[in-house]
Structure formats: C-alpha cells, structure tokens
Amino acid sequence: MQFSGRRKKLIGNFQNDLYDQCLQFYGQPPLENISLTEFETFAVERLKLLKTVENVGVSCVKNSEQYTKKLDAEISRISEYEKRRKDHISHFILRLAYCQTEDLRRWFIQQEMDLFRYRFNCLHSKHKTDFLHKNNLKYETVSAEEKKNLKDKLIASSYGLSGTKVEEHDVYKVPFQDALDLVRTRKVYLLAGNAYIPHHEIVTIVLNDFRTRLSKALAMTARSLPAVQSDERLQPLLSHLSHAYVGQDYSIQKNIGKISLEQIDALSGKSFPLCMRHLHKALRENHHLRHGGRMQYGLFLKGIGLTLEQALQFWRSEFVKGKVDADKFDKAYAYSVRHMFGKEGKRTDYTPYSCMKVILSNPPSQGDYHGCPFRHSDPELLKQKLQNYKVSPSGINQVCPTTSTHLTRFSTVCVKGFLKLNLVEDAGFSLNHPNQYFTESQKFLSGGRDIKKEVDMSQRNLRSSLEHKLQYFLDEIQELSDPA
Amino acid sequence: MPTSDYDPACLPDLLPLYYRRLFPFSQYYRWLSYGGVSKNYFQNREFSFTLKDDIYVRYQSFTTQNELEKEMQKMVPYKVDIGAVYSHRPSQHNAVKSGTFQALEKELVFDIDMTDYDDVRRCCSAADICSKCWTLMIIAIRILDRALREDFGFHHLLWVYSGRRGVHCWVCDDAARKLSVAARSAVAEYLSLVKGGEETLRKVVLSDPIHPFINHSLSVVERYFQQYAIVEQDILCSKESVDKVLSLPIPVKFHNSLCQFWYHIKKYWKYLSCSHNIKKGGQYFDKEIMLQYCYPRLDVNVSKGVNHLLKSPFSVHPKTGRISVPIDLKELNTFDPFEVPTISLICEELERPRADEAEEDDVKDKENEQEAGERRRIRDYKRTSLAKYVKVFDRFLEAMARSWKGEMLKKSGELETSFSVFLTFMSFTYT
C-alpha cells in the first residue's frame with residue numbers, strides 16, 4: 001500500500017473484478033492509494049466491528065439465531081462495493097497493528113475467524129460453492145458405499161444431519177487436525193484419524209484454512225513490521241489500535257503496598273467479586289489451592305496492590321497451616337509466586353485475568369475452586385452461597401436465573417450481585433475485570449461516586465482526533481454490553 | 001507378597017545399583033531415537049531430574065546412549081521426567097538467541113490420576129488406592145485406548161503405571177509427536193466427558209443425539225459398573241450414599257420407586273436402567289450417573305503442552321519405591337498395581353546367586369567393556385521381576401521399528417529422487 005495525500009480513483013472494470021464476491025480470503029493486499037484519513041477511519045471501524053463480534057460472541061451462543069440477528073444489526077449499510085473495499089483495506093491495516101505479540105495475534109485471528117464464519121454462513125449455498133471454486137479449495141469426498149456403511153454413525157455425530165441429507169449431499173473426509181473445532185466439541189464422526197464432515201459443516205474446514213493462512217500471514221507481517229513502523233505518520237496510530245481492545249489490564253499496580261495482609265479478610269467480604277471471595281474462602285478453609293486457583297487469585301491480589309514480599313508471606317502462612325511445611329513451600333510454591341511477579345523464568349510480568357479470560361479459559365475440574373461462579377457453578381450451590389453472603393432472596397432470584405442458559409451475561413450478573421450487596425440501583429460501570437470490580441467497590445464504599453468525573457477528565461486529556469474516535473467507539477461498545 | 005519392604009531411606013543405596021545394572025538403557029535409547037529417522041532427535045530431547053533433597057534440574061540433554069548412562073549413574077536422580085524435542089540441544093539453550101529455542105515435537109500424553117475421582121470413591125481418598133478403585137483405571141485404559149486407536153488412528157501407544165495412583169499414556173506415532181498445542185487440546189477435550197469442579201454436582205450432561213464415541217465408552221462402563229459401583233464401591237449401601245446418587249438430577253417422579261428398588265434389591269439395577277428409557281429432552285440420567293462414577297478424568301493441561309514434562313517410564317516412585325512399568329493391555333484384567341516390583345525387591349533379587357551364570361562369565365571377559373556391560377545388564381534384569389515388563393516394552397518397540405523402516409525407505413527414496421534431479425540439472429548446465 002502506498003500512502004499519499006491524494007486519493008486515486010479506480011477504473012470501473014477493475015472495481016468489478018476485485019470485489020465481485022462479498023467474502024474473501026485476504027490473499028492479496030490492496031494495491032491502491034488511500035488518504036491518511038481513510039487509513040484511520042477504516043482501521044477504527046474494522047476494530048469496532050471486531051470488538052462487536054467479540055461481545056456478541058460472549059453474550060450469545062455463537063451461530064445461534066440471536067447471534068446472527070445481533071450481528072446483522074451491527075453491520076452498517078453502505079454500498080456493497082464500498083463495503084467490500086473497506087473490508088479489504090481495513091483488514092490489512094489491522095494486520096499491521098495486531099501482528100506484534102502472541103496475545104494480539106490470537107485475539108485478531110479469533111475475531112476475524114468468527115466474522116468470516118458468520119459471513120460464510122450468510123451466503124447462499126450456491127455462493128458457498130462458488131467461493132470454494134474461486135479459491136481453489138478442493139476437499140476429498142467420501143464414496144457412496146462408505147457413506148451407506150457409516151450412515152447411522154454419521155447421523156449420530158453431526159447435528160442436523162438426516163439420512164436423506166447423507167445420501168444426497170457430499171460428505172468430506174479430512175485429517176482430524178484440519179477440523180479441530182468440530183473435534184474439540186465432539187460434533188463430528190472420527191474414524192482412523194479422519195473427520196467425516198457433512199456438506200453443511202464445510203465452513204469448519206474452510207475456517208481452518210483461513211486460520212492457517214492468516215496465522216502465517218501475521219508471522220510474515222511481523223517480520224516486515226520495522227519498515228512500516230519507521231513511517232512516523234503510522235506508528236502512533238498502530239500502537240493506539242493495538243491497545244484499544246484491551247482496555248485497562250491492571251498490569252500497572254496503582255496502589256502498591258497500600259493494602260495490608262490483615263485487611264484481606266475484611267476486603268474479601270466487601271469488595272471482592274464472587275470468584276475471588278470464593279477462592280479466598282477455599283484457601284482459608286483448606287490451606288491450599290491448586291495451580292489454577294493460585295494463578296487467578298494470586299494475580300488478582302497483585303492487581304489490588306500486594307507486593308511480592310506480602311504475597312509470599314500471605315501464601316506461606318496459609319499453606320503452612322495445612323500439609324505443607326515452610327521448607328516445602330519455599331522449594332515448591334515460592335517459585336511460582338515469584339514467577340507471577342515476573343521474577344523468574346522468562347520474566348513476564350503476568351497481568352491479572354480479565355473476566356473473559358476467567359470465563360473462557362481453563363474451566364475448573366474436580367478439586368478446583370477457580371473460574372467464574374456464575375458460569376461454572378451449579379445454580380443451587382450458587383444460591384446457597386449467596387444466601388450465606390446475606391444477599392436478599394429477591395436479589396438472589398435476579399442474580400440466579402432459574403433457567404440455566406448459556407446466554408447469561410456472566411459479568412452483568414456479577415455486577416447485579418454487587419448492586420444487591422450494596423443496595424444500589426445503578427452501578428455506573430459495566431464489568432469486564434475482577435480488579436475493576438474491586439476498584440469500583442472501593443470507590444463506592446469510600447463515598448466517592450466519581451466515575452463520571454473521571455471520564456470527563458480523561459476526555460479533556462485527549463488530544464488527537466484519532467483518540468477521540470477511539471474513545472467514542474469504546475463508549476459505544478460499552479453501551480452494547482449493558483443489559484438490554 | 002513380592003514387595004520386600006521398601007524404605008525410602010534406602011533409595012540413595014538402591015538407585016546407583018538400579019541405574020548401573022537394571023535400568024534398560026539400550027531399549028530406552030532405542031525408543032527415544034525413533035529409528036534415527038529425524039536427525040538429532042535424541043540429542044535435542046529435554047530430560048529433567050529430581051535429585052536428592054528435592055533439587056530439580058531442567059534442560060538436561062545427552063548426545064549418546066553412553067553419555068545418558070554415565071550422567072544418570074553419576075547424578076543418581078530420584079525422579080526422571082521426559083520433555084520435548086527442541087530446536088537445539090536443551091543443555092545449550094542459554095547460548096541460543098532468545099526466541100529461537102523452541103519445543104518442536106513430543107509424544108501425545110495423558111495422565112489419569114486417582115485423586116481426580118475422590119468425589120466418587122468411597123474406598124480410598126487422596127494418594128491411596130486399592131484393588132476396588134483400581135477398576136477405574138482399567139475402565140479408563142480401555143476407553144481411551146480404543147478411542148485413540150479407532151477414532152484418531154494412532155497405533156503406537158505405551159501405557160505406563162505411574163508407581164502410585166495412576167497411569168500414563170504415551171502416544172508415540174509420528175503424527176502424534178507433531179501435533180500442535182491446539183490439536184492436543186482438541187483431542188483431550190474430545191475425550192473429556194466429566195466436567196466441573198467442587199461446585200458442580202451434575203458433571204456429565206448428555207443430549208440427543210449421542211455421539212458414537214460416547215456409546216462405545218458407555219458399553220465399556222456398563223460392563224464394569226455393576227461390579228464396581230454396586231458391589232465394590234457399594235454406592236447403594238447406605239441412605240447417605242444413595243442420597244448422594246439421588247442428588248444428581250433425576251426426575252422427581254422416579255425418586256420413590258428408585259429408592260425402593262435400590263434399597264432392597266441390588267441386582268434389579270439392570271432392570272431399572274432398561275425400564276426407564278426416557279428419551280425426551282435427553283433425559284439420560286442413568287447413563288449420566290454411570291459416566292460420572294466411572295468415566296476417565298483427564299487433566300487437559302498435561303496433554304495440551306508440547307513442552308510439558310512427564311514422568312519417564314522405568315523411573316522409580318520415591319514414595320512407594322515402585323518402578324513405573326509398562327502395562328500389557330492383553331493382561332489388563334489381571335494387572336495388579338500391588339504386584340509391581342519395587343526397587344528394593346529387584347535389587348534384592350539381583351543379589352541372589354544363580355548357578356548357570358558362572359560359565360558365561362568367562363566368555364564375556366573377551367568382549368569390550370560396553371558390550372559386556374550391556375549384556376550383563378540384560379542378564380541382570382532378566383533375573384528380576386522387572387523382566388516381564390521390559391518384554392512388554394520390547395514388543396512395543398518392535399512394532400514401532402517396523403514403521404521406522406517404512407519411514408527410512410521413504411526418506412531414502414526422496415533422497416534418491418532429489419539427487420537424480422540434481423544430476424540432471426547439472427548435466428543441463430554443463431552442456
């Protein structure tokens with residue numbers, strides 16, 4: 001891409017060829033010139049789109065009707081050609097911003113994949129086949145005889161597959177490594193290392209291809225990044241773009257040393273979100289926590305301001321009350337605490353887990369106390385726990401919907417819990433991080449509802465128009481995640 | 001009882017003997033070299049040792065079998081773990097430019113630990129096991145072995161007793177060793193049915209349609225459930241434990257009739273599960289209960305990581321003294337973890353004199369030292385209870401060796417073709 005002040009217009013025919021399909025694999029980068037303004041605008045809008053994809057994906061079951069409806073509503077209406085051109089260009093701009101670290105790449109690939117899947121599923125069946133042909137995607141099909149032999153098994157493994165569908169449509173056979181999403185959720189029939197994929201699920205194989213290509217492309221982009229970063233016009237924009245999605249990550253502790261160990265018990269009752277309160281109680285009762293729990297709780301404590309020395313003292317004093325003697329603690333567990341603070345190994349200063357991370361990764365198993373109680377606990381047990389914590393019965397009913405549903409916005413419910421505990425109507429914040437819960441709660445309890453004020457202050461500090469734009473769309477995203 | 005009381009305090013004396021005369025180094029080296037198909041495969045493999053006083057050292061690597069032996073005999077590790085094959089020699093990882101030292105390949109591994117079943121075991125808890133709960137391991141092995149072979153197409157699986165309370169599975173196929181983190185985690189999740197921590201009561205949720213994998217697993221569980229849960233674990237013995245079973249979501253209308261049956265007549269279990277064929281809304285509560293009590297519980301994190309370190313076969317378990325021996329699946333039903341030899345037993349067996357060896361000694365003197373040492377070692381472990389387990393390992397290696405031959409032929413075929421292309425090219429250039 002070339003960056004100049006002027007904008008070149010394209011010839012009609014070229015337009016038609018380049019963007020004749022509404023979906024693409026982003027194999028070729030755009031070759032036209034665009035203005036800096038367009039560069040900024042396109043990038044911000046695509047980022048907003050990807051952030052929307054992420055939010056809708058957390059609050060609804062992916063690919064359900066509700067999910068599709070919601071995404072439909074978000075995609076703006078402009079001319080089809082313009083849309084596709086913007087899509088093409090903005091994708092490549094964001095590649096520049098999101099190729100740099102493992103975390104950024106993972107996030108970008110995940111959202112682009114979800115977006116691609118949504119769009120592919122929107123295509124008419126004929127267009128799907130066209131897409132496959134145009135992109136030279138050929139997959140091995142299963143012979144009619146094999147289909148007959150495996151018919152029952154195929155029907156029992158794939159959702160929405162009937163006997164007639166098996167007979168009439170193709171079934172594809174790919175190595176299981178190319179259909180991991182289906183394998184992971186056990187939504188496909190496996191035999192001798194091959195996954196048998198019915199036609200209507202072909203999107204999975206295509207997605208796998210998409211992911212592989214994008215992953216390689218990002219790695220390549222990262223290598224050529226230094227050349228791009230030397231352009232002073234782009235460098236600040238790209239770094240703003242890559243920070244925008246994270247929001248506050250609580251990696252920089254603001255209150256180091258301001259919390260004393262004696263305060264923790266009291267604080268856990270007042271200002272810890274339910275997940276951390278749960279972990280704290282389990283630690284006090286069992287004098288032990290497994291790895292998942294130590295990470296989630298230990299990093300949270302770091303985020304609220306505990307120093308390394310305090311943390312070591314805290315964990316040691318608790319573990320020693322159990323089956324671990326001081327010696328063993330120093331040998332086996334102290335290392336891991338220091339690791340959390342970035343003092344061991346590759347010295348990464350780990351950031352406290354956001355709600356999304358707690359909910360989506362590393363689900364608890366037998367003997368674990370980590371995770372999000374609103375996501376991982378049995379409704380009955382959760383109710384009991386809330387009763388113990390003196391939440392009123394009506395409050396409990398609001399917080400624990402009686403229908404167990406994947407669609408509950410867990411962090412929304414967590415905030416509702418905060419409301420009930422503190423007898424407040426409006427929390428004034430939308431939750432996405434346990435440390436945020438702590439900060440807001442402390443703020444609330446110390447009498448200062450200064451949240452609105454803070455936003456104004458920060459707005460005054462914004463200088464560039466770009467930062468304004470980012471702030472705007474961040475606010476819009478917040479609105480989206482608020483309870484409907 | 002072939003245990004010959006084991007005392008952890010004797011380890012410092014027993015281990016040197018074990019590593020000098022009993023540890024099957026040549027088979028071990030053969031395994032980890034994988035037929036020499038990939039260059040430097042053994043040299044780039046990470047080992048970690050736990051030494052006396054809990055000193056833990058990582059990034060150990062060795063260039064030859066001889067070096068491995070000498071080092072292990074010198075350091076006398078209490079525990080040996082095997083890690084990944086890296087891009088460079090692990091012992092030199094500090095000299096490598098940061099970011100370039102990477103874990104490339106490793107066997108796909110599974111770790112089944114009995115403590116993960118504590119919520120459904122009544123006979124033991126924590127690190128204890130007994131013959132009653134050992135059935136859980138048998139069920140786990142049968143289910144996972146079938147799935148890994150039939151569903152995933154793997155062929156070379158090594159099942160190993162961990163020495164105390166669980167089993168490990170090493171999937172050694174070439175394709176398995178090359179799997180990415182995402183693929184490993186997908187395989188582990190495909191194999192997981194029991195989900196949830198302390199706070200989850202109903203850990204297995206089944207819905208229509210039931211995947212063939214689950215049906216296969218159920219047929220294994222059903223075979224053992226009656227004996228295991230009803231008889232051995234006695235889950236219906238007291239009101240308290242029946243209540244626990246009933247706390248799992250069973251349609252209320254069945255509670256009373258269930259109580260009556262279950263309290264009085266245990267053998268009506270089968271009748272019960274047949275007569276309540278509720279299919280609407282996926283009410284497979286009887287299957288869910290059986291799976292919750294018996295289905296294997298894996299630690300996904302162990303299987304996910306390419307660089308994850310796992311206890312090595314033939315390592316000694318410091319607390320029980322038992323050797324981590326391979327399990328022969330053909331004899332799975334009769335495998336008894338309490339019959340697995342301890343290090344003290346095999347060292348003692350070694351000391352017992354055998355008449356027919358006196359003659360062989362003379363012949364051996366003529367050969368060079370290493371070969372003699374090896375032959376002595378082979379003779380040695382054959383005299384001990386370790387012998388039959390090394391045989392299991394040998395058979396496993398033989399089966400793999402046949403596939404290595406195929407690989408080597410393929411590779412040399414490739415070499416030939418590319419060489420002839422090169423020659424043709426050269427001949428064009430020089431005309």
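Looking only at the stretch B:183-222, residues that are more than 7 Å from chain A (Cβ to nearest Cβ), β-branched (Val, Ile, Thr) and surrounded by fewer than 17 Cβ atoms within 10 Å (Cβ to Cβ) come to 1 in all. Among the residues of the stretch B:121-149, the one identified as modelled with pLDDT of 85 or more and surrounded by fewer than 16 Cβ atoms within 10 Å (Cβ to Cβ) is B:Arg146.
Tell me which helices (runs of 4 or more DSSP H) are completely within the stretch A:66-180 and hold 3 or more residues being of a type in the set (D, E, K, R) and in contact (Cβ under 8 Å) with a residue 12 or more places away in the chain, or say none if there are none.
A:80-98, A:102-122, A:125-134, A:144-157
Determine whether the stretch A:26-47 contains at least one residue that is over 22 Å from A:Arg213 (Cβ atoms), part of a helix (DSSP H, G or I) and at pLDDT below 75. The answer is no, given that none of the residues of the stretch A:26-47 is over 22 Å from A:Arg213 (Cβ atoms), part of a helix (DSSP H, G or I) and at pLDDT below 75.
For the stretch A:280-307, taking the residues that are hydrophobic (A, V, I, L, M, F, W, C) and within 17 Å of A:Ala266 (Cα to Cα), the one that is surrounded by the fewest Cβ atoms within 10 Å (Cβ to Cβ) is identified as A:Ala282.
The set of residues from the stretch A:323-377 being among the hydrophobic types (A, V, I, L, M, F, W, C) and in a loop (DSSP other than H, G, I, E, B) comprises A:Val324, A:Phe341, A:Cys372. Taking the condition under 22 Å from B:Trp170 (Cβ atoms), at pLDDT 90 or above and surrounded by 14 or more Cβ atoms within 10 Å (Cβ to Cβ), does B:Tyr381 pass? Spelling it out, it is not the case that B:Tyr381 is under 22 Å from B:Trp170 (Cβ atoms), at pLDDT 90 or above and surrounded by 14 or more Cβ atoms within 10 Å (Cβ to Cβ). For the stretch A:137-157, the tally of residues that are at pLDDT 85 or above and either within 14 Å of chain B (Cβ to nearest Cβ) or within 21 Å of A:Arg184 (Cα to Cα) (or both) stands at 9. Residue check: A:Ala192 meets all listed conditions (1) more than 14 Å from chain B (Cβ to nearest Cβ); (2) of a type in the set (A, V, I, L, M, F, W, C); (3) more than 27 Å from the chain's Cα centre (by Cα) but one, namely (1). Away from chain A (no Cβ under 14 Å), crowded, with 18+ Cβ neighbours inside 10 Å, hydroxyl-bearing (Ser, Thr, Tyr) and outside any loop (DSSP other than H, G, I, E, B): does that describe B:Ser303? No, not satisfied.
Look at the stretch B:170-196: where a residue is closer than 25 Å to B:Glu407 by Cβ and a partner is surrounded by 20 or more Cβ atoms within 10 Å (Cβ to Cβ) and hydroxyl-bearing (Ser, Thr, Tyr), sitting 6+ places away or on another chain with Cβ atoms under 6 Å, you get B:Arg184/B:Ser303.
Among the conditions (1) surrounded by fewer than 22 Cβ atoms within 10 Å (Cβ to Cβ); (2) at pLDDT below 90; (3) at negative phi, A:Gln310 misses just one, which is (2).
So that you can scan it fast, the table gives a plain yes or no per residue for (1) at positive phi; (2) surrounded by 16 or more Cβ atoms within 10 Å (Cβ to Cβ); (3) at pLDDT 95 or above; (4) in the same structural domain as B:Thr342 (by the TED database):
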| residue | (1), (2), (3), (4) |
| --- | --- |
| B:Leu22 | no, yes, no, yes |
| B:Phe42 | no, yes, yes, yes |
| B:Arg45 | no, yes, yes, yes |
| B:Thr63 | no, no, yes, yes |
| B:Ile82 | no, yes, yes, yes |
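Please indicate, with yes or no, whether at least one residue in the stretch A:116-125 is modelled with pLDDT of 90 or more, within 32 Å of the chain's Cα centre (by Cα) and closer than 30 Å to A:Tyr19 by Cβ. Yes, the conditions are met somewhere in the stretch A:116-125. Taken across the stretch A:199-212, residues that are crowded, with 16+ Cβ neighbours inside 10 Å, basic (Lys, Arg), assigned to a helix (DSSP H, G or I) and within 14 Å of chain B (Cβ to nearest Cβ) do occur, with at least one present.
Conditions tested, residue by residue: (1) within 21 Å of A:Phe438 (Cβ to Cβ); (2) within 12 Å of chain B (Cβ to nearest Cβ).
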{"residue": "A:Ser336", "(1), (2)": "no, no"}
{"residue": "A:Asp349", "(1), (2)": "yes, no"}
{"residue": "A:Pro352", "(1), (2)": "yes, no"}
{"residue": "A:His370", "(1), (2)": "yes, yes"}
{"residue": "A:Pro373", "(1), (2)": "yes, yes"}
{"residue": "A:Gln384", "(1), (2)": "no, yes"}
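Quick one: in the stretch A:57-97, of everything that is surrounded by 19 or more Cβ atoms within 10 Å (Cβ to Cβ) and of a type in the set (Ser, Thr, Tyr), which residue is modelled with the highest pLDDT? By that ranking, first place goes to A:Ser90. From the residues in the stretch B:183-206 that are of a type in the set (Asp, Glu) and in a loop (DSSP other than H, G, I, E, B), which one is nearest to the chain's Cα centre (by Cα)? Ranking the qualifying residues of the stretch B:183-206, first place goes to B:Glu198.
The values are calculated or read from the model by the stated rules, or taken from the named source; none is laboratory data. Please read all numbers here as calculations on a predicted model, not as lab measurements. Note that each Cβ is placed from the backbone with ideal geometry, even for glycine, and that neighbours are counted across all protein chains shown.
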